[in-house]
Amino acid sequence: MPTSAAYLIVVLVWATTPLAIKWSAEAGAPVGSVLLRMAIALLAGLVVLVAMRRGLRRDRHAMASYAAAVPGVFGAMALSYHASMTLPSGMMSVIFGMAPLISGLILQLLPGAVKLRRWHWFGCTLGLAGLGVVFADSLVLGSDQLPALLMMVIAVTLFSGSGIAVQRVAAGLGPLEQTLGALALSLPCFFILWLASGEPMAIPLSTRGLWSVIYLALFGSLLGFLCYFLILSRLSAASVALVTLITPVLALGLGMTLNQEQPSSSMLAGAVLILVALGAYLFGDRLARLKAEREAMPS
């Protein structure tokens with residue numbers, strides 16, 4: 001697949017995923033919706049694996065990598081689906097966009113990690129300030145969005161920590177194997193949560209919700225993830241990082257246009273602060289390098 005096509009798919013899938021999550025859970029069965037999504041994704045992925053005449057690694061190293069991904073699949077997705085019941089889809093995307101900042105902070109607690117530089121700390125501080133503005137807005141309004149915001153912060157923290165754990169296991173798995181292994185271990189967790197949630201056994205879905213589940217299963221959980229790993233292997237980290245800046249803006253626009261979402265001015269201000277923070281965090285190294293090169297040039 002051409003790199004440009006893969007990049008466009010990742011941007012579109014990541015931008016539309018929060019809205020699709022919201023639509024799939026709109027009938028009031030978030031756990032059932034995510035369970036159905038993951039089951040379809042796993043079955044479809046296994047069909048692809050069989051067609052490619054490949055198997056799923058089950059050695060100790062591979063199983064450790066699958067297990068490391070479970071908090072990012074089960075934990076982050078279960079919380080995100082619950083949060084979607086009250087939180088605007090665009091704001092979900094903005095908070096999930098903080099993953100690079102949270103990953104950087106988590107890495108500082110681990111041995112052997114590259115220490116953050118001053119622009120990284122500036123980005124983290126500004127991102128937390130933006131998050132504080134969003135939370136303060138919910139507190140002032142006495143909104144029921146506050147628990148949903150907390151869920152999303154925990155979700156992105158689980159997602160970030162899980163990604164770091166998978167990298168540290170370094171099992172050498174391909175993206176399809178890693179995705180299917182993580183789904184296979186996460187699916188029983190979703191099933192147990194579904195039984196404990198008291199949701200109806202017949203998952204209530206509107207027509208829009210059903211198509212959203214299918215879209216999320218085939219594109220959000222499979223194609224988008226595979227394309228992400230493809231561009232990660234072909235492009236620079238800075239080029240790939242642009243996705244986390246583009247998608248929240250698109251997701252906010254989609255939510256307001258297609259779902260009539262109206263985030264408050266304070267919430268939008270917090271979103272802008274978070275996006276500026278991401279820019280400072282992701283591209284501070286490049287700007288510092290360009291400045292050093294300019295200063296080193298003979299006048």
Failed item in (1) in contact (Cβ under 8 Å) with a residue 24 or more places away in the chain; (2) assigned to a helix (DSSP H, G or I), with ILE192 passing the rest: (1)
In the range 171-189, the residues that are open to solvent by 40 Å² or more (accessible area, probe 1.4 Å) and outside any helix (DSSP H, G or I): GLY172
Selection count, the range 17-53, where residues are part of a helix (DSSP H, G or I), under 30 Å from ALA196 (Cβ atoms) and touching a residue at least 12 places away in the same chain (Cβ under 8 Å): 24
Checking LEU56 against (1) open to solvent by less than 10 Å² (accessible area, probe 1.4 Å); (2) part of a loop (DSSP other than H, G, I, E, B); (3) not polar (S, T, N, Q), the condition it does not meet: (1)
The range 20-53 - residue that is surrounded by 15 or more Cβ atoms within 10 Å (Cβ to Cβ) and among the β-branched types (Val, Ile, Thr) and, of those, nearest to LEU250 (Cα to Cα): ILE21
Single match in SER138, SER162 (criterion: open to solvent by less than 30 Å² (accessible area, probe 1.4 Å) and modelled with pLDDT of 80 or more): SER162
Yes/no for SER236 being at pLDDT below 80 and surrounded by fewer than 16 Cβ atoms within 10 Å (Cβ to Cβ): yes
One residue from ALA217, ALA184, ALA196, ALA171 being of a type in the set (A, V, I, L, M) and under 26 Å from LEU101 (Cα atoms): ALA171
Failed item in (1) more than 17 Å from GLN178 (Cα to Cα); (2) at pLDDT 90 or above, with ALA67 passing the rest: (1)
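The values are calculated or read from the model by the stated rules, or taken from the named source; none is laboratory data. This structure is a prediction, so every number in the text was calculated from the model and none was measured. Cβ coordinates were reconstructed from backbone atoms using ideal geometry, including for glycine residues, and neighbour counts include every protein chain displayed. With ligands, DNA and RNA removed, areas are computed over all heavy atoms of the protein, side chains included. Shrake-Rupley method; radii C 1.70, N 1.55, O 1.52, S 1.80 Å.
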